[in-house]
Every structure is written in structure tokens, then in C-alpha cells.
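Reading through the C-alpha cells given below for one structure.
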Amino acid sequence: MPVKNILVVDDSPTERHALTELLTKNGYTVTTAQSGDEAVAKSKSESFDLILMDVVMPGMNGYQATRTIVRDEKTKHIPIIMCTSKGQETDKIWGMNQGANDYLVKPIKPRVLLEKIAALG
């Protein structure tokens, strides 16, 4: 099933705006959340084909939100790509262990992100 509706989760208004601009210009419908808690709530109440998840956020971080989403029967089917400044190999391994499908380190290269999204569809 092709990816159409994407949830962008990041506490930075600049990052949310940049990703929203990139994705909408490429034909995707984008909803945003500024925290892990908001991401979990929206993933249950709306229908998404993909979640782009930051890690470092106040309250529930991206690792915790990812783990919560992939363990929930209602949301476990939604692929998650972590998009974060945490670039150590151990960070990536931990993210993938929480249930992420992929892991990108900021600054995100638009072409790489779009290729990964296309590969999911």
C-alpha cells in the first residue's frame, strides 16, 4: 500500500515545518505532533501510513513513543522512521530495537528520506 498520510513528530517548529514542506511538495498529506505523547494519541485517533519520529523531546521521548505505538494492537502496523540528531551506532540500535523500521540522522537529506518512504510503499 503506497504511503500517503504521514505523521511528523518533532518538538522543533523549524524541523516540523521543513519536513512538512518537503513532504507536501512531493504529494504527501502531513499531520504534525510536537511530543511523543501527542504522537501516540494521534496514531490511535487518526489513520497514518508512516510516522517520522524525532527522539529528543520533552515528556515521552521518541524511543518511548515508538515502543508504545508498535506494541499497541491498533497502531502496530504503522511503519516508523526515526529522524533524530542522535547519531551514535548505539542510538540507532536502540531505536531499531524499540520497533523503528529505519533510522535517519539529522540533518535529513531530502532525497534519502523520499527514497526510504517510496521503498515502504
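The values are calculated or read from the model by the stated rules, or taken from the named source; none is laboratory data. Computed from a predicted structure; not experimentally measured. Every residue, glycine among them, receives a Cβ derived from its backbone with ideal geometry; neighbour counts consider all protein chains shown.
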Exclusive hit being more than 25 Å from Gly27 (Cβ to Cβ), in contact with a helix residue (DSSP H, G or I) (Cβ under 9 Å, 6 or more places away or on another chain) and touching a residue at least 40 places away in the same chain (Cβ under 8 Å), set Gly95, Gly99: Gly95
Cross-chain or 6+ apart pairs with Cβ under 8 Å, region 11-34 first and under 22 Å from Pro58 (Cβ atoms) and in contact (Cβ under 8 Å) with a residue 40 or more places away in the chain, then part of a loop (DSSP other than H, G, I, E, B) and of a type in the set (A, V, I, L, M, F, W, C): Asp11/Val56; Asp11/Met57; Leu19/Ile108
Whichever residue in region 81-90 is in contact with a helix residue (DSSP H, G or I) (Cβ under 9 Å, 6 or more places away or on another chain) and not polar (S, T, N, Q) and, among such residues, is farthest from Val9 (Cα to Cα): Lys86
Yes/no for Thr20 being in a strand (DSSP E or B) and modelled with pLDDT of 95 or more: no
Any pair with Cβ under 9 angstrom, 6 or more apart, that starts in region 62-74 at a residue that is touching a residue at least 60 places away in the same chain (Cβ under 8 Å) and small (Gly, Ala, Ser) and ends at one that is buried (at least 18 other Cβ atoms within 10 Å of the Cβ) and outside any helix (DSSP H, G or I): none
3 or more residues of a type in the set (A, V, I, L, M, F, W, C) and in contact with a strand residue (DSSP E or B) (Cβ under 8 Å, 6 or more places away or on another chain): qualifying helices (runs of 4 or more DSSP H) within region 39-120: 62-71, 110-120
Condition broken by Gly95, with the remaining ones in (1) more than 12 Å from the chain's Cα centre (by Cα); (2) surrounded by 14 or more Cβ atoms within 10 Å (Cβ to Cβ); (3) not polar (S, T, N, Q) satisfied: (1)
